[in-house]
Every structure is written in C-alpha cells, then in structure tokens.
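To start, the structure itself, in structure tokens.
Nothing in this text is a laboratory measurement; each read-out follows from the coordinates by a stated rule. Quantities reported herein were computed from a predicted structural model and do not represent experimental measurements. Don't worry about glycine lacking a Cβ; one is built from the backbone with ideal geometry, like all the others, and counts go over all protein chains shown.
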C-alpha cells in the first residue's frame, strides 16, 4: 500500500504545468531540426527556423512558447494500492478538485503567468473563469501501487481541428485521413504530429487519438527498420502521403506539415471502424511523472544540449524592411506572395470581440475609437507581461475567424493590411484583391520570439476586453510572410488542393 499526500500531487502537477509552458519535449525539437535540414521551400524554412529559435528563447527565459497556453488536462493511472491523505488532517478531496487547484496555482503564478482561456456557461455568457479552471481530468484504475500522471496543456488550434467518423470495414482509413487534412487548413500550426485513434466506441477512439499524441516521436526509426504490424504500416503510409500533399510548415508549402503519425487501436464492433484524428500543434506541451509517497515528483531535467546549437535569432537575409509609420497603399500593392517582410513601427491589435464592436460602430455610423486609416491590424491576444517586458508572448491567432469583418473594414476605414496565422476564406481573399490590400502571416507557435520584436505596448480602445482590447504595439523587425497579395495571389497550399 502506498500513501500519497494530496498536497504533493497538487504541487507536482502545478510545477509540471509551469514547466511545459516553456519547454518543448526534446523529441519535438530534434524532429524540427531534421525537418529544417531537409526543407527546401524558403517560406517553410523560415517558419521552422523561427519555431526553433522560439523554443530556445522560451526555454531560457522560462516564458510560454505560445500565447495560447492551453486547456489544462490531466490523465491519471491510479494503482489500486494507492491511498490518499492530507497533511493537515482534513479528509481527502476529489481528483477534480486537486487538478483545479494545480491549474489555478500554475496559471496565476506571478513569475510566469499563463493566459487563461477557459470559459464557463458555454451556451450563454461564456465568461472567462480567470484562472483556467476547470481542468479536464481522466482517471484509469490500474493494478499496482503507483500513481502515474500525464499533464497536458492543449491549445485550441489543434483540438478545434479534431475529426471523427465511423467507417465500414471495407472503407480505407488512409483515404479518410488524407481527405480531412486539406479541410483542416493550417490553423493547427504545423509542423506537428497527427494522432489517429482506431476502434473502440466513438468516445474511445477520440481518447485514443488524443493519447497517441504523447508517445515519443520515432517515425524515423520506424522507417529505418520497417513496419511489423498494421498500425505501423498505417503510420508509414500516412506520413508519406500526408506530406506529399504539399501543405508544409504553417501551410506555406514544402515538405513537412507532419513530423510523425501516431496510431492507437482498440477492439471494436464487427460492423464498424470508428476513426478519430487529432493534431498536435507547434507547441506540444506534456509531461509524465510518478508519485511513490516519498514526496514531490522528480520532474525530468531538460536536456539543455538539445537547444545549444539553435541560434538566438532567425536568419532572414532576403527580408524586406518595412516602416509601418510611412506605409502607403502603393507599397502594400508592391508586395508579392511568399515574400518575407520585417515590420517596424506601430501596429494595432484586434481579435474577435474588438472586431465585432468595430463593425457595430461602423453600421451605426459612429467613428471607431481609433483611426484605422493607413494602419495594419495584428490578430493577437498576448500573455500578461512580467518584469521589463513590453508585452508577454504574443503570437498570431487564427485569421479566418475575422473573415466576415474584412470587407467592411477595408471598404470603410482605410485599413491597409492584416497579420494573423493560417489561410483566409474565399470572401476574404476576394476583398483583399478588390481593395489591393494584403494579408501577412506571422509564425503560429513562435509567440515568445515574436514578443521580443515588440518594443512597447499600450491599450488604445476597449480596455474592458482585457487581452482582446485594442493595443498599439511598436514593432522592430517583426517577421512576417506575405500570404495574400494585392493581386489576390495566395501562398497557402491548402487553397490550391
């Protein structure tokens, strides 16, 4: 029998959540390095290099690799020989309460505060819970006297792209997965890992897919030695065919949208093949530990040599420097798809809530609280700053959520360009071409690196919206790729599939 103090479990989970906010798993960093060596497409190479630089900087500063610090998820394997107690003598509390306490402590840490993303009342007011609770908890009762815990912070970009279907035994799992990938777009911030769950019941298949994402990246080893069963054959076939689609890093084209394909299976009904697909983004964050009743978990030490040969800034020798404070419609019209720009000067920020208010004001005839004429908008909701930071990690959010606002803003405000991540929809592309404007992509998952290019920040409108308020950032050499130019050219390969 193993007796474990619940206080040790809470502290260990909180420390794990903090650790994964700023440390990529080493196998992911090594996979990114291999992808960079093999990549030949310049926009994709630039994106992968920025992800690697971001990984090193975030690990050294112990600040989040991505502004979307995720939903706190806890997967527990509880041995039947484990009992809980509390050091203060009070009765033990539930695993859900323990996980909530850990998430609350980790996400409100004053040294490294993490952005709260959870909202309650999902069909009503959708109020932010302010501390990222509740956690999502799964518990499996197993043999033995150990407590095994997997702590995960999963951002919205990956989970929102989850797919599920029930195939018949004569259907092809490969064909279904390949059919899903183009429609998933680049909002999941590739390159990353695809998790595939096959079998069981619908909810079991989805859980299998999720859990597979936290298995080690080893596709190169599997490719070397060859498949020994159907699941391994599926991994190899999907890896080759998924990357052959040409989606590439950040959807910019190239060879490496997928770094590994993981598969977990379970027995299922004879008439069905339940199949689930979930991607892990460019900010995979997870950690396993055990408790044995002898105190806090010993979290694994990061292998610092994994990051040692990564430069401190990306090499962008062919980038065009742009002064946003002198930007004209003629200069915007001269940019071309795939071009790398380094932006300096002031930019405004706005996400969903701010865009909704701006549109409402335009429709009512009220002037916006800040002029958008000859300005650029950055779709971002930053992490709170600490110390002498101008702003916390501030990577782009998925741009197509703002598609319905593009035409009225371009038509009535004099807005010149927008910055976000991933592809735009057809209507937004047509509006950008109609008004000879541009859409620029920043690298999703490189939030800490991008925040280093922000030299000052101040709220200029809608202060009550918190991180969704309109800020004015002063940039210096902020890297972006021209994703849609004034002629309507589109860099994202998803648009062409």
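So if the hydrodynamic radius of the range 234-347 is defined as the Kirkwood radius over C-alpha pairs, what does Stokes-Einstein give as its diffusion coefficient at 20 °C and 1.002 mPa s, in µm² per second?
It diffuses with D of about 106 µm²/s by this estimate.
Per 10 Å bin, what is the whole-percent P(r) computed from every C-alpha pair distance within the range 298-432?
9, 33, 34, 15, 7, 2, 0
Label-point separation (nm) for residue 269 and residue 130, each offset 7 Å from Cα along Cα-to-Cβ?
4.6 nm
Where does the range 126-167 land on Rg/Rh, using Cα atoms and the Kirkwood Rh?
Looking at the range 126-167, the ratio lands at 1.08.
Which value, in nm² and rounded to one decimal, describes the direction-averaged projected area of the C-alpha convex hull of the range 156-286?
For the range 156-286, the mean projected area of the Cα convex hull comes to 7.4 nm².
With an 8 Å Cα cut-off and a minimum separation of 6 or more residues, compute the relative contact order for the chain in percent.
Rounded, it is 19 percent for the chain.
Points 7 angstrom from Cα along the Cβ direction at residue 80 and residue 298: gap in nanometres?
2.9 nm
Which whole-angstrom value gives the distance between the alpha carbon centres of the range 410-435 and the range 356-401?
15 Å
What is the distance in Å between the Cα centres of the range 260-301 and the range 140-215?
9 Å
As a check on your grasp of the helix formula, calculate [θ] at 222 nm for the chain: sum -39500 (n - 2.57) over DSSP H runs of n ≥ 4, divide by the residue count, round to the nearest 500.
-9500 deg cm²/dmol
Using label points projected 7 Å from each Cα along Cα→Cβ, tell me how many nm separate residue 170 and residue 2, to one decimal.
The answer from the label model is 5.0 nm.
Return the ratio Rg/(2.2 N^0.38 Å) for the range 67-185, where Rg is computed over Cα atoms only.
With N residues counted in the range 67-185, Rg over 2.2 N^0.38 Å equals 1.39.
For q values of 0.16, 0.17, 0.18 Å⁻¹, compute log₁₀ I(q)/I(0) with the Debye formula on a Cα-only model of the range 339-497, without solvent.
Calculated log10 I(q)/I(0) at the listed q: -0.85, -0.97, -1.09.
What percent does the relative contact order of the range 320-496 come to when contacts are Cα pairs within less than 8 Å and at least six residues apart?
31 percent
For the chain, place one equal point scatterer on every Cα, skip the solvent, and apply the Debye formula. What is log10 of I(q)/I(0) at q = 0.06, 0.08 Å⁻¹?
-0.28, -0.50
When you count, for each residue, the other Cβ atoms within 10 Å and take the mean per peptide, how do 341-352, 67-78, 383-394 rank with the highest first?
Listed from highest to lowest mean packing, they are 67-78, 341-352, 383-394.
Where in the range 322-350 does the label zone of residue 436 land, with the point 7 angstrom along Cα→C-beta and an amide N cut-off under 13 Å?
Within reach of a label on residue 436, which here means backbone N under 13 Å from a point 7 Å along Cα→Cβ, the range 322-350 contributes 328-335.
Using mean Cβ contacts within 10 Å as the protection proxy, how do 474-485, 443-454 order, highest first?
Highest to lowest by the protection proxy: 443-454, 474-485.
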